[in-house]
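The values are calculated or read from the model by the stated rules, or taken from the named source; none is laboratory data. Only a predicted model underlies this, so the values are computations on that prediction, with no experimental measurement involved. All Cβ positions, glycine included, derive from the backbone under ideal geometry; neighbour counts span all protein chains shown. Calculation scope for accessible area: heavy atoms of the full protein, side chains included, ligands and nucleic acids excluded. Shrake-Rupley method; radii C 1.70, N 1.55, O 1.52, S 1.80 Å.
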Amino acid sequence: MSIMALSKEEIKELKDQLKEQVKNLPPDKKIQAEKQIEEMSPAAIESMLEQQKGRQAVFRMIVNKEIDSVVVEENPSALAVLEINPLSEGHTLILPKKEVRKKNEIPKEVMNFAEKIVKKLELSLKSKKINMIVEEKMGEAIIELIPVYDKEIDENATRKQVKKEDLEAVKKRINVEIIKKPEPEKIKIPEPEKKEIFKLKRRIP
């Protein structure tokens, strides 16, 4: 029995993840492997996830560093990685390190970590806002952070295929330390006391 019903988008994402794993093969073997991956049916992909990885979903493979990914930041509770098929520049996935199946069960520390990454993305990428979407995807609860720039992003919008080196460049931009210069302290100078000047009337002898 399959552990998940994969959407077209999820199948494409899984195939892209698998292609990442074979990118360092010799050219002839790489072409053959990519062709095999492209021809895999949804059932074959589900079966592979179940059999080869002990029923682990792709997100577990990313968390366990079994799939190469571009990590923005991590802490003991969660991992922030750049989406390989982003809806916008800086599209980030927050993956709990301990598997969570239901979105209402995501721990508070993971949500706090996500909020921290939101602020980091806003400051470094100068986006108008960050859409935070908590969802259940491929058998796990995850958080998607999608930067919005000129116009609102439709969740059905076309996703881009981005090379790893381009994602690494985005990672560098996100992780540049942003130092805000403190505003100079305004020193109030007390106004001098106004002294009343009395004019003496001159007496004419």
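A few comments on the model shown:
- 31 Å Cα-Cα threshold exceeded, pairs from Lys35/Lys108; Lys116/Lys160; Lys137/Lys164; Lys29/Lys103; Lys129/Lys160: Lys35/Lys108; Lys29/Lys103
- Listed residue pairs exceeding 29 Å between alpha carbons, taken from Lys97/Lys119; Lys12/Lys97; Lys30/Lys119: Lys30/Lys119
- Ranking of Thr158, Thr92 by solvent-accessible surface, largest first: Thr158, Thr92 (1.4 Å probe, protein heavy atoms only, all chains present).
- Segments 111-120, 20-29 sorted - mean Cβ within 10 Å per residue, highest first: 111-120, 20-29
- Between Val71 and Asp150, the simple label model (points 7 Å from Cα in the Cβ direction) yields a spacing of 3.6 nm.
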